[in-house]
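This structure is in structure tokens; I'll ask about it shortly.
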Amino acid sequence: MSDEKQQVSRRQFLNYTLTGVGGFMAAGLLISPIRMAIDPVLKESSAGDMANVGLSVDDITEEPQRIDWTIDQVDGWYESEVNRAAWVYRNENDEIVAFSPVCKHLGCVVSWEGSDQHPNEYFCPCHDGRYYKDGTNVPGTPPLAPLDEYVQEVRDGMLFLGEPKPRGEA
Amino acid sequence: MKWRKADLQTYVQSKEYIDTIVLPLVPFGIANDEESKKAAIQSEMITLLSHELEKELTGRMLLAPHYSYLKSADKQTEIARMNMWAAEMKEQPFKHIFILTFDPSWKKYEKELESTLLWLPAVQTGELNSKEMHKTVREQVAQMVELIRAYWQ
């Protein structure tokens, strides 16, 4: 301690070195369990995946049109291709709307103007359920809820659809 | 609805809405190599078709499990058995019973059946998973939906 220039003693130097090296070793040991613990957070959810349905936004008109596409679905043991369908049109506010064609009554497939007696409506062939153009169920017909609407996104002029979501009261 | 637990629960709750049952016929026979291959294609096709049809009309029809029969079996015995199935279905009550088949040999016995026989000409060329096949199946299903709806009215 006689020399003022000696700021780090041998003991301090060894302490620093050991702490540093020990820290690295501890970090090396811990990194895998930590990565494993937070893995579910980092994983991309497949449920929220949007699928390109092969329809350009320019081709969407005021007249609902049916589009079909397939998605890969992992269902327990096996992965399978599932067919999806939607009725897509542009509403008065120039917004794109994509309805799921599944009837809210018992799940048949509805079609736009599916019945000659009911123009300008979605029609369910099973029990004559009907929906207006905006997807709202026609009162007095079997369905009790409006058609589900797909989560949608437009990327590079193409329409991407996700999962159908029940509509809130609109 | 399909023949599975979840769908049956819905069926039991809404019996009054479901008055149609579809029974796909599947031939079986392994004695002749060519014949058995044909039977297998028919089975695959009918599974595909009936599932697509079920998807369109879920809310009003029940898809029964496949009825399989030996190609070489005596048709009269099979018809008696099929009529037993039909009798059971009618009690539920299912008003419309459709039998779906690609096998033309049933057509001759149509009158003896206590259900409606829908014979379809089999499409046996091309790959089952190809785009064209999807289109064909979809068109065929659309026409079957039309036909079944005609019976409903």
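The values are calculated or read from the model by the stated rules, or taken from the named source; none is laboratory data. All of these numbers come straight from a predicted model, not from anything done at the bench. Every residue, glycine among them, receives a Cβ derived from its backbone with ideal geometry; neighbour counts consider all protein chains shown. Protein only, heavy atoms only, side chains kept; ligands, DNA and RNA dropped before computing areas. Shrake-Rupley method; radii C 1.70, N 1.55, O 1.52, S 1.80 Å.
Using R₀ = 25 Å, calculate the FRET efficiency as 1/(1 + (r/R₀)^6) where r is the Cβ-Cβ separation of A:ASN83 and B:ALA6; round to 0.05. Before the final figure, lay out each step's value.
Numbers: r = 19 Å, r/R0 = 0.77.
With R0 = 25 Å, the Cβ-Cβ based efficiency is 0.80.
Work out which trypsin sites (Lys or Arg not before Pro) in chain A are exposed loop sites (DSSP not H, G, I, E or B, at most 14 other Cβ within 10 Å) and give the longest gap free of them.
Values: sites that count: A:LYS5, A:LYS43.
Between the exposed loop sites, the longest stretch runs A:44-170.
Further question on the same structure: What is the sum of charges, Lys and Arg at +1 and Asp and Glu at -1, for the other residues whose Cβ falls under 13 Å from the Cβ of B:VAL26? Each step should come with its number before you reach the end.
Details: positive: B:LYS38, B:LYS71; negative: B:GLU44, B:GLU78, B:ASP103.
Here the charged neighbours net out to -1.
Relative contact order for chain A: what is it in percent, counting Cα pairs under 8 Å that are at least 6 residues apart?
Values: 254 pairs, mean separation 29.9, N = 170.
The normalised contact order for chain A reaches 18 percent.
Between the stretch A:15-45 and the stretch B:1-26, what's the alpha-carbon centroid distance in Å?
Cα centroid of the stretch A:15-45 versus Cα centroid of the stretch B:1-26: 55 Å apart.
In addition: Only helical DSSP H runs with n ≥ 4 go in: add -39500 (n - 2.57) per run for chain B, normalise by residue count and round the 222 nm mean residue ellipticity to 500 deg cm²/dmol.
Working: 4 runs with 72 residues, N = 153.
Value at 222 nm, helices only, nearest 500: -16000 deg cm²/dmol.
Could you pull out every whole DSSP H run in chain B that spans at least 20 Å of Cα extent along its own axis and averages -1.0 or higher on the Kyte-Doolittle scale?
On the way: long enough: B:33-57 (36 Å, -0.65); B:75-90 (22 Å, -0.77); B:131-152 (31 Å, -0.55).
Correct list, ordered by number: B:33-57, B:75-90, B:131-152.
Among B:ALA122, B:THR101, B:MET133, whose Cα sits farthest toward the positive end of the charge dipole of the stretch B:93-140 (+1 at Cβ of Lys/Arg, -1 at Cβ of Asp/Glu, about the Cα centre)?
B:MET133
Still on this structure, I have one more. For each pair in B:LYS15/B:LYS55; A:LYS104/B:LYS38; B:LYS55/B:LYS95; A:LYS104/B:LYS107; B:LYS108/B:LYS131; B:LYS2/B:LYS131, compute the distance between the two Cα atoms and list the pairs where it is over 29 Å.
Values: B:LYS15/B:LYS55 18 Å; A:LYS104/B:LYS38 39 Å; B:LYS55/B:LYS95 20 Å; A:LYS104/B:LYS107 38 Å; B:LYS108/B:LYS131 34 Å; B:LYS2/B:LYS131 25 Å.
As for pairs spanning more than 29 Å Cα to Cα, those are A:LYS104/B:LYS38; A:LYS104/B:LYS107; B:LYS108/B:LYS131.
Give me the inter-chain shielding for A:127-133: mean count of other chain Cβ atoms within 10 Å, whole number please.
1
Excluding ligands, DNA and RNA, what is the accessible area buried between chains B and A, summed over both sides, using a 1.4 Å probe, to the nearest 100 Å²? Could the numbers behind the result be given before it?
Values: alone 9160 and 12070 Å², together 20060 Å².
Counting protein atoms only, the buried area is about 1200 Å².
For the stretch A:107-170 and the stretch B:29-55, what is the separation of their C-alpha centers, rounded to whole Å?
Cα centroid of the stretch A:107-170 versus Cα centroid of the stretch B:29-55: 34 Å apart.
So, counting K/R as plus one and D/E as minus one, what does the shell of residues with Cβ under 13 Å around B:LYS38 add up to? Mind dumping the intermediate values first?
Numbers: positive: B:LYS37, B:LYS71; negative: B:ASP33, B:GLU34, B:GLU35, B:GLU44, B:ASP103.
After counting each charged neighbour, the total is -3.
Need one number: nm distance between label points at B:HIS96 and B:GLN143, each 7 Å from Cα along Cα→Cβ, rounded to one decimal.
1.8
Calculate the spin-label point distance for B:ASN129 paired with B:GLU16, positioning each point 7 Å from the Cα along the beta-carbon direction, and give it in nanometres.
A separation of 4.5 nm, rounded to one decimal place.
Give me the percent relative contact order of chain B, please, defined on Cα pairs under 8 angstrom at least 6 residues apart.
28
Return the whole-Å distance between the Cα centroid of the stretch A:47-73 and the Cα centroid of the stretch B:58-121.
38
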